[in-house]
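S.K.: Below is the structure I would like to discuss, written out as C-alpha coordinates.
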Amino acid sequence: MIFKIKIINYANPEKLIFIKKIWNIQHDHTSQISLIIKPHRIELQNNLINSKKNIWVDFNIKKINLYKLDKKIKMIQAIKIKNTFNLNILDATAGLGKDAFIFVSYGYKVTMIERNPILSILLYDGLVRGLQNNDIKKLIKKNINLIYNTTLNIHQLKIQQPDIIYLDPMFPTRKKSLSKKEIRTIQNIVGYDTDADNLLLTCLPFAKKKVVVKRPKKSNYLANIKPNYIIPTKNHRFDIYVK
Ligand SMILES: C[S@@+](CC[C@H](N)C(=O)[O-])C[C@H]1O[C@@H](n2cnc3c(N)ncnc32)[C@H](O)[C@@H]1O
(Lines give C-alpha, C1' and ligand atoms only; values in the text may rest on other atoms or scores of the structure.)
Protein backbone atom coordinates (compact mmCIF):
# COMPACT_ATOMS: atom_id res chain seq x y z
CA MET A 1 0.00 0.00 0.00
CA ILE A 2 1.24 3.50 -0.82
CA PHE A 3 1.21 6.10 1.98
CA LYS A 4 0.60 9.68 0.86
CA ILE A 5 2.04 12.68 2.67
CA LYS A 6 3.45 16.08 1.76
CA ILE A 7 7.19 15.57 1.25
CA ILE A 8 9.58 18.50 1.52
CA ASN A 9 13.12 17.55 0.67
CA TYR A 10 16.12 19.69 1.60
CA ALA A 11 18.53 16.76 1.51
CA ASN A 12 20.23 15.24 -1.49
CA PRO A 13 17.87 13.59 -4.02
CA GLU A 14 19.37 10.13 -3.39
CA LYS A 15 18.15 10.23 0.19
CA LEU A 16 14.59 10.85 -0.97
CA ILE A 17 14.79 8.11 -3.60
CA PHE A 18 16.01 5.69 -0.92
CA ILE A 19 13.21 6.64 1.47
CA LYS A 20 10.48 6.44 -1.17
CA LYS A 21 11.72 3.04 -2.28
CA ILE A 22 11.98 1.43 1.16
CA TRP A 23 8.80 2.84 2.68
CA ASN A 24 6.65 3.24 -0.41
CA ILE A 25 5.53 6.79 0.27
CA GLN A 26 4.27 9.36 -2.23
CA HIS A 27 4.07 13.14 -2.28
CA ASP A 28 0.60 14.59 -1.75
CA HIS A 29 0.54 18.38 -1.81
CA THR A 30 -2.92 18.45 -0.15
CA SER A 31 -1.72 16.63 2.99
CA GLN A 32 -1.77 18.67 6.22
CA ILE A 33 1.11 16.59 7.52
CA SER A 34 4.56 17.10 6.02
CA LEU A 35 7.60 14.90 6.11
CA ILE A 36 10.52 17.28 6.09
CA ILE A 37 13.76 15.68 5.01
CA LYS A 38 16.63 17.87 6.13
CA PRO A 39 20.27 17.00 5.54
CA HIS A 40 20.83 16.33 9.26
CA ARG A 41 17.39 15.15 10.44
CA ILE A 42 13.94 13.99 9.30
CA GLU A 43 11.03 15.82 10.91
CA LEU A 44 7.27 15.74 10.85
CA GLN A 45 5.18 18.88 10.73
CA ASN A 46 1.52 18.53 11.62
CA ASN A 47 -0.65 21.43 10.53
CA LEU A 48 -3.71 19.71 11.97
CA ILE A 49 -2.57 20.66 15.44
CA ASN A 50 -1.80 24.02 16.85
CA SER A 51 1.91 23.53 17.40
CA LYS A 52 4.79 25.14 15.63
CA LYS A 53 7.27 22.57 16.85
CA ASN A 54 8.08 19.69 14.56
CA ILE A 55 8.41 16.11 15.72
CA TRP A 56 11.38 13.81 15.28
CA VAL A 57 12.83 10.79 17.01
CA ASP A 58 15.72 11.34 19.36
CA PHE A 59 17.38 8.47 21.11
CA ASN A 60 18.83 10.63 23.81
CA ILE A 61 19.91 9.46 27.26
CA LYS A 62 19.62 12.98 28.70
CA LYS A 63 15.98 13.17 27.62
CA ILE A 64 15.22 9.80 29.19
CA ASN A 65 16.65 11.02 32.47
CA LEU A 66 13.99 13.73 32.41
CA TYR A 67 11.08 11.28 32.14
CA LYS A 68 9.20 10.62 35.36
CA LEU A 69 11.06 8.10 37.48
CA ASP A 70 7.82 6.51 38.62
CA LYS A 71 6.85 5.76 35.01
CA LYS A 72 10.24 4.24 34.26
CA ILE A 73 10.26 2.11 37.41
CA LYS A 74 6.79 0.70 36.71
CA MET A 75 7.73 -0.09 33.12
CA ILE A 76 10.85 -1.91 34.22
CA GLN A 77 8.90 -3.73 36.94
CA ALA A 78 6.47 -4.91 34.28
CA ILE A 79 9.23 -6.15 32.00
CA LYS A 80 11.72 -7.69 34.36
CA ILE A 81 12.00 -11.28 35.45
CA LYS A 82 13.57 -12.16 38.78
CA ASN A 83 17.21 -13.26 38.60
CA THR A 84 17.20 -13.11 34.80
CA PHE A 85 19.34 -10.61 32.99
CA ASN A 86 20.05 -10.03 29.30
CA LEU A 87 16.39 -10.28 28.34
CA ASN A 88 15.51 -9.47 24.79
CA ILE A 89 12.36 -7.48 24.22
CA LEU A 90 10.26 -7.18 21.12
CA ASP A 91 8.48 -3.84 21.13
CA ALA A 92 5.82 -4.68 18.55
CA THR A 93 4.21 -1.21 18.59
CA ALA A 94 7.25 1.05 18.49
CA GLY A 95 5.62 4.42 17.64
CA LEU A 96 8.22 7.11 18.34
CA GLY A 97 10.50 4.65 20.15
CA LYS A 98 10.26 6.31 23.56
CA ASP A 99 9.34 3.22 25.57
CA ALA A 100 11.84 1.15 23.57
CA PHE A 101 14.65 3.50 24.43
CA ILE A 102 13.76 3.45 28.13
CA PHE A 103 14.20 -0.35 28.02
CA VAL A 104 17.51 0.07 26.19
CA SER A 105 18.71 2.62 28.75
CA TYR A 106 18.11 0.00 31.45
CA GLY A 107 20.32 -2.47 29.60
CA TYR A 108 17.77 -4.55 27.70
CA LYS A 109 18.10 -5.55 24.04
CA VAL A 110 15.14 -4.28 22.03
CA THR A 111 13.83 -5.01 18.57
CA MET A 112 11.30 -2.40 17.53
CA ILE A 113 8.56 -3.19 15.04
CA GLU A 114 6.61 -0.35 13.47
CA ARG A 115 4.10 -0.77 10.67
CA ASN A 116 3.42 2.85 9.84
CA PRO A 117 5.89 3.99 7.15
CA ILE A 118 6.18 7.56 8.43
CA LEU A 119 6.87 6.59 12.04
CA SER A 120 9.22 3.92 10.78
CA ILE A 121 11.14 6.55 8.76
CA LEU A 122 11.42 8.76 11.86
CA LEU A 123 12.67 5.79 13.92
CA TYR A 124 15.19 4.88 11.24
CA ASP A 125 16.45 8.46 11.15
CA GLY A 126 16.70 8.52 14.97
CA LEU A 127 18.84 5.37 14.85
CA VAL A 128 21.09 6.77 12.10
CA ARG A 129 21.69 9.93 14.15
CA GLY A 130 22.17 7.84 17.29
CA LEU A 131 24.95 5.94 15.55
CA GLN A 132 26.75 9.25 14.97
CA ASN A 133 26.49 10.30 18.61
CA ASN A 134 29.47 9.28 20.73
CA ASP A 135 27.37 9.12 23.93
CA ILE A 136 25.02 6.43 22.66
CA LYS A 137 26.40 4.87 19.51
CA LYS A 138 27.61 1.71 21.29
CA LEU A 139 24.22 1.27 22.94
CA ILE A 140 22.39 1.76 19.65
CA LYS A 141 24.66 -0.61 17.76
CA LYS A 142 24.46 -3.36 20.36
CA ASN A 143 21.01 -3.09 21.85
CA ILE A 144 18.39 -1.72 19.51
CA ASN A 145 17.17 -2.39 16.02
CA LEU A 146 14.16 -1.67 13.86
CA ILE A 147 11.94 -3.73 11.61
CA TYR A 148 9.39 -2.13 9.33
CA ASN A 149 6.64 -4.72 9.10
CA THR A 150 3.06 -4.21 8.06
CA THR A 151 1.58 -7.62 8.84
CA LEU A 152 0.47 -9.21 12.08
CA ASN A 153 2.56 -12.31 11.37
CA ILE A 154 5.44 -11.29 13.55
CA HIS A 155 6.23 -14.91 14.41
CA GLN A 156 7.17 -15.37 10.74
CA LEU A 157 9.83 -12.65 10.84
CA LYS A 158 13.40 -13.87 10.84
CA ILE A 159 14.11 -12.84 14.41
CA GLN A 160 15.11 -14.62 17.56
CA GLN A 161 12.11 -15.60 19.67
CA PRO A 162 11.84 -12.74 22.20
CA ASP A 163 11.73 -13.25 25.97
CA ILE A 164 9.25 -10.40 26.34
CA ILE A 165 6.84 -8.82 23.92
CA TYR A 166 5.74 -5.30 24.77
CA LEU A 167 2.55 -3.83 23.27
CA ASP A 168 1.32 -0.26 23.47
CA PRO A 169 -1.39 0.03 20.84
CA MET A 170 -3.15 3.30 20.12
CA PHE A 171 -6.55 3.63 21.75
CA PRO A 172 -9.17 6.37 21.52
CA THR A 173 -9.08 7.02 25.25
CA ARG A 174 -5.30 7.35 25.56
CA LYS A 175 -4.27 10.75 26.78
CA LYS A 176 -1.11 11.25 28.67
CA SER A 177 1.67 8.78 27.97
CA LEU A 178 3.15 10.91 25.18
CA SER A 179 2.95 14.67 25.16
CA LYS A 180 -0.27 15.92 23.62
CA LYS A 181 1.37 17.07 20.42
CA GLU A 182 3.01 13.71 19.81
CA ILE A 183 0.02 11.56 20.70
CA ARG A 184 -2.24 13.66 18.47
CA THR A 185 0.19 13.43 15.61
CA ILE A 186 0.39 9.65 15.93
CA GLN A 187 -3.42 9.61 15.98
CA ASN A 188 -3.53 11.75 12.84
CA ILE A 189 -1.15 9.40 11.09
CA VAL A 190 -2.11 5.92 12.27
CA GLY A 191 -5.64 6.40 13.62
CA TYR A 192 -6.42 3.72 16.18
CA ASP A 193 -5.00 0.23 16.30
CA THR A 194 -8.33 -1.55 16.01
CA ASP A 195 -6.66 -4.92 15.42
CA ALA A 196 -4.83 -4.88 18.79
CA ASP A 197 -6.82 -7.93 20.02
CA ASN A 198 -5.38 -9.96 17.16
CA LEU A 199 -1.90 -8.62 17.84
CA LEU A 200 -2.09 -9.95 21.41
CA LEU A 201 -3.35 -13.33 20.14
CA THR A 202 -0.39 -13.50 17.74
CA CYS A 203 2.12 -12.49 20.39
CA LEU A 204 1.04 -14.78 23.24
CA PRO A 205 2.39 -18.00 21.70
CA PHE A 206 5.51 -16.25 20.35
CA ALA A 207 6.89 -14.71 23.56
CA LYS A 208 9.13 -17.01 25.61
CA LYS A 209 8.40 -15.53 29.04
CA LYS A 210 5.72 -12.86 29.00
CA VAL A 211 3.68 -10.34 27.08
CA VAL A 212 3.26 -6.90 28.63
CA VAL A 213 0.43 -4.66 27.40
CA LYS A 214 0.18 -0.98 28.26
CA ARG A 215 -3.47 0.00 28.55
CA PRO A 216 -5.51 3.03 29.55
CA LYS A 217 -6.47 2.69 33.19
CA LYS A 218 -10.15 1.80 32.85
CA SER A 219 -10.15 -0.04 29.54
CA ASN A 220 -11.10 -3.66 28.99
CA TYR A 221 -8.51 -6.41 28.57
CA LEU A 222 -7.19 -6.93 25.07
CA ALA A 223 -9.08 -9.80 23.39
CA ASN A 224 -10.96 -10.09 26.71
CA ILE A 225 -8.11 -12.20 28.06
CA LYS A 226 -7.49 -11.63 31.74
CA PRO A 227 -3.82 -11.02 32.48
CA ASN A 228 -1.97 -12.97 35.19
CA TYR A 229 -1.34 -9.75 37.01
CA ILE A 230 -1.52 -5.98 36.63
CA ILE A 231 0.84 -3.15 37.52
CA PRO A 232 -1.11 0.11 37.82
CA THR A 233 0.36 3.53 37.16
CA LYS A 234 -1.23 6.95 37.56
CA ASN A 235 -2.91 7.03 34.15
CA HIS A 236 -2.35 3.56 32.79
CA ARG A 237 -1.81 -0.02 33.76
CA PHE A 238 0.43 -2.79 32.53
CA ASP A 239 -1.39 -6.08 31.89
CA ILE A 240 1.07 -8.93 32.22
CA TYR A 241 0.60 -12.33 30.61
CA VAL A 242 3.04 -14.89 31.91
CA LYS A 243 3.96 -17.95 29.83
C1 LIG B 1 0.70 4.42 20.94
S2 LIG B 1 1.88 4.18 19.69
C3 LIG B 1 3.23 3.49 20.59
C4 LIG B 1 4.04 4.53 21.30
C5 LIG B 1 5.36 3.98 21.77
N6 LIG B 1 5.19 3.03 22.85
C7 LIG B 1 6.33 5.08 22.18
O8 LIG B 1 6.86 5.01 23.30
O9 LIG B 1 6.58 5.97 21.36
C10 LIG B 1 1.31 2.74 18.84
C11 LIG B 1 2.14 2.40 17.61
O12 LIG B 1 2.01 1.02 17.35
C13 LIG B 1 2.02 0.81 15.96
N14 LIG B 1 1.40 -0.50 15.73
C15 LIG B 1 0.18 -0.91 16.11
N16 LIG B 1 -0.05 -2.19 15.76
C17 LIG B 1 1.08 -2.60 15.14
C18 LIG B 1 1.48 -3.84 14.55
N19 LIG B 1 0.67 -4.88 14.49
N20 LIG B 1 2.72 -3.92 14.02
C21 LIG B 1 3.55 -2.85 14.07
N22 LIG B 1 3.23 -1.65 14.59
C23 LIG B 1 2.01 -1.53 15.13
C24 LIG B 1 1.22 1.99 15.43
O25 LIG B 1 1.50 2.21 14.06
C26 LIG B 1 1.70 3.11 16.34
O27 LIG B 1 2.80 3.76 15.79
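Conditions tested, residue by residue: (1) among the charged types (D, E, K, R); (2) in the same structural domain as Asn153 (by TED's automatic domain parsing); (3) surrounded by fewer than 15 Cβ atoms within 10 Å (Cβ to Cβ).
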| residue | (1), (2), (3) |
| --- | --- |
| Leu201 | no, yes, yes |
| Val212 | no, yes, no |
| Arg215 | yes, yes, no |
| Leu222 | no, yes, no |
| His236 | no, yes, no |
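S.K.: Follow-up. Return yes when Glu182 is of a type in the set (D, E, K, R), open to solvent by less than 40 Å² (accessible area, probe 1.4 Å) and at pLDDT 95 or above and no when it is not.
M.R.: no
S.K.: I would also like to ask the following. Suppose the filter is at pLDDT below 95, near the ligand (Cβ under 10 Å from one of its atoms) and open to solvent by less than 20 Å² (accessible area, probe 1.4 Å); does Ile113 pass it?
M.R.: no
S.K.: Tell me which residues, restricted to the range 133-154, are of a type outside the set (Lys, Arg), open to solvent by 50 Å² or more (accessible area, probe 1.4 Å) and over 18 Å from the mean Cα position of the chain (by Cα).
M.R.: Hits for the range 133-154 are Asn133, Asn134, Asp135.
S.K.: Taking the condition of being of a type in the set (Asp, Glu), open to solvent by 10 Å² or more (accessible area, probe 1.4 Å) and either within 13 Å of the ligand (Cβ to nearest atom) or not assigned by TED's automatic domain parsing to the domain that holds Ile140 (or both), how many residues in the range 63-93 meet it?
M.R.: Matching residues across the range 63-93 total 0.
S.K.: From the list Tyr166, Tyr108, which one is within 11 Å of the ligand (Cβ to nearest atom), out of contact with any helix residue (DSSP H, G or I) (no Cβ under 6 Å at 6 or more places or on another chain), of a type outside the set (Val, Ile, Thr) and more than 16 Å from Val57 (Cα to Cα)?
M.R.: Only one candidate qualifies: Tyr166.
S.K.: Suppose we filter the range 16-58 for residues that are of a type in the set (Phe, Trp, Tyr) and free of Cβ contacts under 8 Å to residues at least 40 places away in the same chain; how many remain?
M.R.: Residues in the range 16-58 being of a type in the set (Phe, Trp, Tyr) and free of Cβ contacts under 8 Å to residues at least 40 places away in the same chain: 1 in total.
S.K.: Part of a loop (DSSP other than H, G, I, E, B), surrounded by fewer than 13 Cβ atoms within 10 Å (Cβ to Cβ) and within 15 Å of the ligand (Cβ to nearest atom), is that true of Pro172?
M.R.: So Pro172 fits the description; yes.
S.K.: Check Thr202, Thr185 and return the single one that is within 23 Å of Ser120 (Cβ to Cβ), part of a helix (DSSP H, G or I) and in contact with a strand residue (DSSP E or B) (Cβ under 6 Å, 6 or more places away or on another chain).
M.R.: Thr185
S.K.: Which residues, counting only those in the range 30-54, are in contact with a strand residue (DSSP E or B) (Cβ under 6 Å, 6 or more places away or on another chain) and within 12 Å of Ile121 (Cβ to Cβ)?
M.R.: Leu35, Ile36, Ile37, Glu43, Leu44
S.K.: Further question: Evaluate the range 94-104: report whether one residue or more is within 15 Å of Val57 (Cα to Cα), open to solvent by 40 Å² or more (accessible area, probe 1.4 Å) and either near the ligand (Cβ under 9 Å from one of its atoms) or touching a Pro at 6+ places or on another chain (Cβ under 6 Å) (or both).
M.R.: Within the range 94-104, one or more residues are within 15 Å of Val57 (Cα to Cα), open to solvent by 40 Å² or more (accessible area, probe 1.4 Å) and either near the ligand (Cβ under 9 Å from one of its atoms) or touching a Pro at 6+ places or on another chain (Cβ under 6 Å) (or both).
The values are calculated or read from the model by the stated rules, or taken from the named source; none is laboratory data. No experiment lies behind these values; they were computed from the predicted model shown. Heads up, the Cβs are rebuilt from the backbone with ideal geometry, glycines too, and the neighbour counts pull from every protein chain shown. Surface accessibility is based on the protein's heavy atoms, side chains included, excluding ligands, DNA and RNA. Shrake-Rupley method; radii C 1.70, N 1.55, O 1.52, S 1.80 Å.
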